[in-house]
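To keep things clear, I will list the structure first and then write my remarks on it.
The values are calculated or read from the model by the stated rules, or taken from the named source; none is laboratory data. What you see is a predicted model; the values in this text were computed from it and never measured. Positions of Cβ are generated from backbone atoms using ideal geometry, with glycine treated the same way; all protein chains shown enter the neighbour counts.
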Amino acid sequence: MVYGEPLRLPGEFLVTNTKEVDNSVDFVRNLRRQFELLRPVEGTRHGDNKIFVFKDLATATHVFVRHDSPKTPLQMPYDGPYEVISRSEKVFILLMRGKQVPVSIDRLKPAYRINDNLRPRESDLDDDGIVIVATHQNPDPHSPPQLRRSARRVRFPDRYQAGYP
């Protein structure tokens with residue numbers, strides 16, 4: 001609206017087409033022609049997702065299996081490692097809890113294991129089979145104590161003395 005112009009009703013804002021449809025037969029013919037030109041739109045293919053497969057899965061001796069169910073808090077996303085008994089293009093047969101179970105390849109992830117020849121020596125094992133690892137050597141009792149610039153002796157609290165008496 002501009003100052004000084006006459007007011008218009010809402011219906012007057014739109015320009016009306018003064019050209020009337022002359023003949024209903026022409027209208028129907030034109031409508032049919034327009035509908036014949038309509039073509040369906042190509043649909044999308046949602047089911048053809050590419051599944052990532054590890055290259056090392058073809059040679060892996062052990063694999064992890066992904067959970068596909070809802071997870072509880074702090075639950076690991078993968079179980080395993082499980083031994084591979086046989087493999088085909090889409091399914092691996094795994095030894096899970098003493099049974100041979102077929103598992104789809106899209107749920108698998110190769111498990112990289114440390115060589116078995118890197119076992120600890122018998123002298124490093126205690127009676128229960130737990131590996132004993134020496135964290136620190138005992139300090140030399142003949143070495144002079146550490147001194148600061150002010151010639152004070154350095155003494156750490158007992159809770160920080162990992163294995164020292």
**Request:** Could you tell me whether region 110-125 includes any residue that is under 15 Å from residue 54 (Cβ atoms), part of a strand (DSSP E or B) and at pLDDT 90 or above?
**Result:** yes
**Asked** Is region 129-136 home to any residue that is of a type in the set (Val, Ile, Thr), part of a strand (DSSP E or B), surrounded by 10 or more Cβ atoms within 10 Å (Cβ to Cβ) and modelled with pLDDT of 90 or more?
**Response** no
**Prompt:** Taking region 80-94 on its own, how many of its residues are acidic (Asp, Glu) and either touching an Asp or Glu at 6+ places or on another chain (Cβ under 8 Å) or within 19 Å of residue 113 (Cβ to Cβ) (or both)?
**Reply:** 1
**Message:** I need the full set of residues from region 31-83 which are of a type in the set (Lys, Arg) and either assigned to a strand (DSSP E or B) or in contact (Cβ under 8 Å) with a residue 60 or more places away in the chain (or both), in order please.
**Reply:** 66
**Item:** Set 41, 63, 25: member being surrounded by 11 or more Cβ atoms within 10 Å (Cβ to Cβ) and among the β-branched types (Val, Ile, Thr)
**Value:** 63
**Asked** Does residue 26 fit the bill of being over 24 Å from residue 113 (Cα atoms), at pLDDT below 90 and either in a helix (DSSP H, G or I) or in contact with a Phe, Trp or Tyr (Cβ under 6 Å, 6 or more places away or on another chain) (or both)?
**Response** yes
**Asked** Since residue 151 meets every condition but one in (1) assigned to a helix (DSSP H, G or I); (2) at pLDDT 65 or above, which condition does it not meet?
**Response** (1)
